[in-house]
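Chemist: One structure is given below, represented as structure tokens, and several questions about it will come after.
Here, each number is a calculation from the coordinates, and none is a lab measurement. Note that the structure is a prediction, hence the values are computed from the model and not measured. Using ideal geometry, Cβ is built from the backbone for each residue, glycine included, and neighbour counts are taken over all protein chains shown.
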Amino acid sequence: MHDHDAPDSHLPLEADAELTYYEQRVEAIQALLIEKGLLSADDVRRAVEDMDARSPAVGARVIARAWVDPHFKQHLLADAKAAIATLGIDVDTWSTLVAVENTPTIHNVVVCTLCSCYPRSLLGVPPDWYKSLNYRARVVKEPRTVLEEFGLELAPDIEVRVYDSTADMRYLVIPQRPAGTEGMSEGALAELVTRDSMIGVTQAQEPSP
Amino acid sequence: MRIRVATPSGHYRTPTYIQGKVGVIEAVHGAFRNPETLAYGGDGRPKQTLYLVRFDQTHIWAHAEPVPFCQNDRLLIDIYEHWLEPAPEE
């Protein structure tokens with residue numbers, strides 16, 4: 001129930017916190033660019049909207065196709081952008097993309113220790129933890145402990161491969177196709193492919209019984 | 001190959017934790033503009049060949065406090081050519 005008469009039913013509105021140095025700098029540059037007619041406020045708004053509209057659904061669609069089509073998977077592993085373009089997805093503005101496959105003996109996980117490089121075109125805006133110092137510093141040094149914190153325990157004989165994407169490459173993990181999904185449609189399979197499974201901190205979801 | 005140890009002034013993309021470590025080239029990504037000049041309004045040319053280099057976790061963290069990883073766990077990292085030098089003979 002929502003009681004509007006109760007005096008403490010809403011927190012008071014507060015002014016936004018003061019802008020940081022870099023926020024001020026960004027605002028100043030943006031204001032200058034608009035003032036000089038190089039772009040409009042609407043251009044900026046639209047770019048932000050486009051960025052927010054990207055979601056892991058694009059990546060999930062690619063993974064589901066790789067699960068059902070071995071030829072596509074081979075193409076994806078050999079030349080990820082070219083393979084994805086065959087699905088009618090526009091990859092022209094993308095960074096170079098490398099797909100790495102999880103198998104019963106190899107588990108891949110991706111990080112960017114220097115900043116927060118991330119395949120945004122496929123996965124949308126990265127989660128906050130991906131950008132955190134904690135994840136970035138620890139996953140290269142104690143990957144198994146970090147993965148356990150995400151609920152993923154790997155057998156000792158599995159080779160853990162941590163990819164530190166320091167340069168122009170963006171990495172996409174192809175999670176293993178869960179057991180018991182043999183008859184499922186590509187669309188239903190895509191629902192099992194989570195963002196975190198494409199970063200490599202979890203497996204794909206099990207199908208609901 | 002061994003990763004050079006250096007702290008050039010300005011922007012570079014070779015983390016210090018990997019410097020001085022010996023790894024194996026896993027793949028050649030191709031030539032990309034050099035971020036060290038690109039970051040300062042340069043054109044990043046000449047392009048630098050970018051390699052995917054593979055390291056054993058047990059080698060990278062050999063002198064650190066023990067952490068739980070298994071003998072065959074690896075770290076793979078993208079390194080530009082000018083950061084690579086021949087590994088010393090065993």
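Chemist: A:Ala99's amide H: which non-local residues (gap 5+, or another chain) put their own amide H closer than 5 Å, with H modeled 1.01 Å from N in plane and none for Pro or chain starts?
Modeler: A:Ala80, A:Leu172
Chemist: With everything on Cα atoms, drop me the angle between helix A:56-68 and the longest principal axis of chain A, reported from 0 to 90° to the nearest 10.
Modeler: With rounding to tens, the tilt is 10 degrees.
Chemist: Still on this structure: With r defined as the distance between the Cβ atoms of B:Gln19 and A:Glu49 and R0 fixed at 45 Å, what FRET efficiency is calculated, to the nearest 0.05?
Modeler: Numbers: r = 41 Å, r/R0 = 0.91.
Once rounded, the FRET efficiency stands at 0.65.
Chemist: Let me ask another. Considering Cα pairs under 8 angstrom that are at least six residues apart, work out the relative contact order of chain B and quote it in whole percent.
Modeler: Taking the mean separation of contacting Cα pairs over the length of chain B, I get 32 percent.
Chemist: Hey, another quick one. Return the subset of A:Lys81/A:Lys131; A:Lys141/B:Lys47; B:Lys21/B:Lys47 for which the Cα-Cα distance in this structure is over 29 Å, preserving the input order. Don't jump to the answer; show the numbers that get you there.
Modeler: On the way: A:Lys81/A:Lys131 24 Å; A:Lys141/B:Lys47 31 Å; B:Lys21/B:Lys47 24 Å.
Violating the 29 Å Cα-Cα cut-off are A:Lys141/B:Lys47.
Chemist: Roughly what angle does helix A:41-53 make with the longest principal axis of chain A, taking Cα atoms, 0 to 90 degrees, to the nearest 10?
Modeler: The angle comes out near 30 degrees.
Chemist: Averaging sequence separations of C-alpha pairs under 8 Å and six or more residues apart, then dividing by the length of chain A, give the relative contact order as a whole percent. Could the numbers behind the result be given before it?
Modeler: Details: 258 pairs, mean separation 49.6, N = 209.
This gives 24 percent for chain A.
Chemist: Taking springs between alpha-carbon atoms closer than 10 angstrom, which of A:Asp52, A:Asp79, A:Asp157 fluctuates most in the Gaussian network model of chain A?
Modeler: A:Asp157
Chemist: For A:Val160, which sequence-distant residues (separation of 5 or more, or a different chain) have an amide H within less than 5 Å of its own amide H, given hydrogens modelled in the peptide plane?
Modeler: HN-HN under 5 Å from A:Val160: A:His107, B:Asp73, B:Arg74.
Chemist: Which whole-Hz ³J(HN,Hα) couplings does region B:4-9 yield from phi under the Karplus relation 6.51 cos²θ - 1.76 cosθ + 1.60, θ = phi - 60°, glycine and proline marked x?
Modeler: 4, 9, 6, 10, x, 6
Chemist: Between A:Leu133 and B:Arg54, how many nm apart are label points set 7 Å from Cα along the C-beta direction?
Modeler: Those two pseudo-labels are separated by 3.3 nm.
Chemist: What do you get for chymotrypsin sites (Phe, Trp or Tyr not before Pro) in region B:1-49 restricted to DSSP loop and a cutoff of at most 12 other Cβ within 10 Å of the site's Cβ?
Modeler: Answer by residue number: B:Tyr40.
Chemist: Measure off 7 Å from each Cα along the Cα-to-Cβ vector at A:Asp90 and A:Leu19, then give the distance between these two points in nanometres to one decimal.
Modeler: Using points 7 Å along Cα→Cβ, the separation is 3.1 nm.
Chemist: Each label point is 7 Å from the Cα along the Cα-to-Cβ direction; what then is the distance between the points at A:Leu77 and A:Glu191, in nm?
Modeler: Taking the two extended label points, one gets 2.9 nm.
Chemist: Now for a different question. Once you list every other residue whose beta carbon is under 12 Å from the beta carbon of A:Val58, what net charge do they have if Lys and Arg are +1 and Asp and Glu are -1?
Modeler: Here the charged neighbours net out to +4.
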